[in-house]
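The structure appears right after this line, and notes come after that.
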Amino acid sequence: VELVIYNILGQKVRTLVNQPLEPGEHSIVWNGTDNKGRSVASGIYFYRMKAGNYSETKKMVLKK
């Protein structure tokens, strides 16, 4: 499973998950920081989840 956050320009901001996970429901919380631990600005971000042959990208809003 891979779960990655991208900014509005399509630049990778943070990789939240990149490891095998058992089938089922999982919960991941993003604390609004990038891969270097720096806080990112409020705004629109996209997250992409890949698991096997499944891939989906959705939009989200980060409010601080």
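The values are calculated or read from the model by the stated rules, or taken from the named source; none is laboratory data. On a predicted model such as this, the values are computed, not experimentally measured, just so you know. Cβ: placed from backbone, ideal geometry, glycine included. Neighbour counts: every protein chain shown. Just the protein is used for accessible areas: all its heavy atoms, side chains included, with ligands, DNA and RNA removed. Shrake-Rupley method; radii C 1.70, N 1.55, O 1.52, S 1.80 Å.
Potential lengthening of the chain between K50 and V29 amounts to 5.9 nm, from the contour at 0.36 nm per residue minus the alpha-carbon distance. Relative contact order of the chain, taken over Cα pairs closer than 8 Å and 6 or more residues apart, is 34 percent.
Of the trypsin sites (Lys or Arg not before Pro) found in region 1-45, those that fall in a DSSP loop while having at most 12 other beta-carbon atoms within 10 Å are K36, R38.
Using the 1.4 Å probe convention, the accessible area of the chain works out to 77 Å² per residue with neighbouring protein chains retained. Other residues whose C-beta falls under 15 angstrom from the C-beta of M49 contribute a net charge of +3, scoring Lys and Arg +1 and Asp and Glu -1. Taking Cβ atoms as reference points and 10 Å as the exclusive limit, the residues near V40 contribute a net charge of +2, counting Lys and Arg as +1 and Asp and Glu as -1.
Rounded to 0.05, the FRET efficiency of the K63 and Q19 pair, given R0 = 22 Å and the Cβ-Cβ distance, is 0.15.
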